[in-house]
Amino acid sequence: MTDRTKILVTGGTGYIGSHTVVELLEAGYDVVIIDNLSNSNRDVLDGIEKITGRRPEFVEGDCTDLSTLRNLFTNYPGIKGIINFAASKAVGESVEKPLLYYRNNLNTLINLLDLMPEFGVKGIVFSSSCTVYGEPDVNPIDETAPIKPATSPYGNTKQISEEIITDYIASGAPIKSIILRYFNPVGAHPSALIGELPNGVPNNLVPYLTQTAAGLRKELTVFGRDYNTPDGSCIRDFIDVVDLAKAHVVAMRRMLDGQDTDAIEIFNLGTGRGVSVIELIDAFEKATGVKVPHRFGERRAGDIEKIWAVPAKANEVLGWKAEIPIEETMRNAWAWQCHLAEKK
Ligand code: NAD
Ligand code: UFG
């Protein structure tokens, strides 16, 4: 089914945004991206065009600036839906620079919500995170699990954002929203033309792992070996970024076309499978045949011991399911790392 509906994707040259733009274009949507390129670059547009044969409209601009957004909606009339990826996302940095995180993440959302009724935009999909659950009392967790006090300003921006959307819709604003709580997005497009762009020394596991496998880093430190898990390392729900991207297309369609759907809906996006850090390293080595030098180190402050999703609501209500096996995800992450090395 094709659809010429026009969608605004904020942060659309970023990691998850770029993969989602590919899926939207392939589903036939028209896409306008706004990104201030604070954590991505223009070359991503070439990758998107090579994969899909279509180039999205691109506005270089900052979503915290209301007049920039107003101009965008004026210049690209008829936008029906928004996917809001634009945010700062480094947990550690958010502790150092909380105001930057509150200003960027919250002002972006408030500006978008503010302009939606005026420009007839019907719905917004919001990128939230399983970080809102904190350390779960039980695993796996569904959407009814309690929200725990945030352990970082970044996590707090996600909790506050969810509340802002909820309050705005409760006030009678004529919009709908779907809030997607991502677990751990990893991997890259199978074409190796887009992926996660490393910015300095990676904080996240998979970019650090692939850089170590490529010889750019000496060894990977596994943070903690004495957690209450079968092999002592932390457990996460690693979800392939392409699977994740596809969920946004389904969510958008439901939000815009669904007649009787609630004005606000929340979905966990995960595989439903917990994989430990050690198991992930093993999966990478098996899938690629490349060794990852690693050693155990101290626990990392603030890490959750184990968390994985009950994705049943997304499976049943959205009709979406994570399908890509972890080995394939690891092969794609490695192909992307090799592509980055070739470009240098
Ligand atoms: P990313 O940094 O790759 O992408 C975000 C994009 O937004 C970047 O291209 C950046 O330049 C842009 N941006 C930031 N502030 C902006 C602003 N004010 N105006 C315009 N553009 C702006 O991050 P990502 O991994 O693709 O994450 C996308 C969203 O998903 C974020 O909201 C993030 O918090 C959320 N999320 C990510 C993860 C994860 O592990 N990657 C997990 C849960 C939730
Ligand atoms: N890890 C290592 N070594 C490393 C990097 C990570 O052992 O060099 C471990 C961590 O200790 C953790 C696991 O790998 O146990 C995953 O760590 P990541 O940093 O890749 O991901 P997190 O689960 O800590 O956090 C991610 C995003 C956050 C988001 C959260 C929940 O970085 O932005 O998922 O969505 F809030």
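The values are calculated or read from the model by the stated rules, or taken from the named source; none is laboratory data. All values derive from a computational prediction rather than experimental measurement. All Cβ positions, glycine included, derive from the backbone under ideal geometry; neighbour counts span all protein chains shown. When the accessible area is computed, the model is the full protein with side chains, heavy atoms only, and any ligands, DNA or RNA have been set aside. Shrake-Rupley method; radii C 1.70, N 1.55, O 1.52, S 1.80 Å.
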Problem set entry | Every residue from the range 130-149 that is surrounded by fewer than 20 Cβ atoms within 10 Å (Cβ to Cβ) and either among the basic types (K, R) or within 14 Å of ligand 2 (Cβ to nearest atom) (or both) | G134, E135, P136, N139, I147, K148
Exercise. Restricting the range 95-116 to residues that are surrounded by 23 or more Cβ atoms within 10 Å (Cβ to Cβ) and within 15 Å of ligand 2 (Cβ to nearest atom), which is nearest to I16 (Cα to Cα)?
Worked result: N105
For this session: Kindly list, by first and then second residue, each pair from a residue in the range 279-308 that is farther than 13 Å from N332 by Cα to a residue that is in a strand (DSSP E or B) and aromatic (F, W, Y), limited to pairs with Cβ atoms under 9 Å and residues at least 6 apart or on different chains.
Result: L280/F238; F296/F223; G297/F223; E298/F223; R299/F223; R300/F223; D303/F223
Exercise. On the given criteria, is F126 closer than 19 Å to V9 by Cβ, in a strand (DSSP E or B) and among the aromatic types (F, W, Y)?
Worked result: yes
Exercise. I165 versus (1) among the hydrophobic types (A, V, I, L, M, F, W, C); (2) open to solvent by 10 Å² or more (accessible area, probe 1.4 Å); (3) out of contact with any Lys or Arg (no Cβ under 9 Å at 6 or more places or on another chain): which is the lone unmet condition?
Worked result: (2)
Seminar exercise, completed: Picking from F119, F126, F85, the residue that is farther than 24 Å from D260 by Cα and in contact with a strand residue (DSSP E or B) (Cβ under 7 Å, 6 or more places away or on another chain) would be F85
Exercise. List the pairs whose first member sits in the range 35-64 and is within 18 Å of A188 (Cβ to Cβ), whose second member is open to solvent by less than 60 Å² (accessible area, probe 1.4 Å) and away from ligand 1 (no atom under 15 Å from the Cβ), and whose Cβ atoms are under 7 Å apart, counting only residues at least 6 apart or on separate chains?
Worked result: G47/L193; K50/L193; I51/S191; I51/L193; T52/L25
Exercise. Taking G274, is it over 19 Å from the mean Cα position of the chain (by Cα) and over 15 Å from R181 (Cα atoms)?
Worked result: no
For this session: Would you mind finding the one in K158, K176, K122 that is touching a helix residue (DSSP H, G or I) at 6+ places or on another chain (Cβ under 6 Å), surrounded by 16 or more Cβ atoms within 10 Å (Cβ to Cβ) and without any contact (Cβ under 8 Å) to a residue 60 or more places away in the chain?
Result: K158
For this session: Being more than 14 Å from ligand 2 (Cβ to nearest atom), at pLDDT 95 or above, closer than 20 Å to G123 by Cα and not in a strand (DSSP E or B) narrows it down to one of A192, A188, A173, so name that one.
Result: A173
Problem set entry | One residue from G14, G92 being of a type in the set (G, A, S) and at pLDDT 95 or above | G14
For this session: May I ask you to list the residues in the range 246-275 that are in contact with a strand residue (DSSP E or B) (Cβ under 9 Å, 6 or more places away or on another chain) and closer than 23 Å to W336 by Cβ?
Result: A247, H248, L269, G270, T271, R273, V275
For this session: Mind telling me which of the residues N228, N268, N203 ends up being of a type in the set (S, T, N, Q) and at pLDDT below 95?
Result: N203
Seminar exercise, completed: Selection from the range 198-233 of residues more than 11 Å from ligand 2 (Cβ to nearest atom), assigned to a loop (DSSP other than H, G, I, E, B) and in contact with a helix residue (DSSP H, G or I) (Cβ under 7 Å, 6 or more places away or on another chain) yields P198, A214, D231
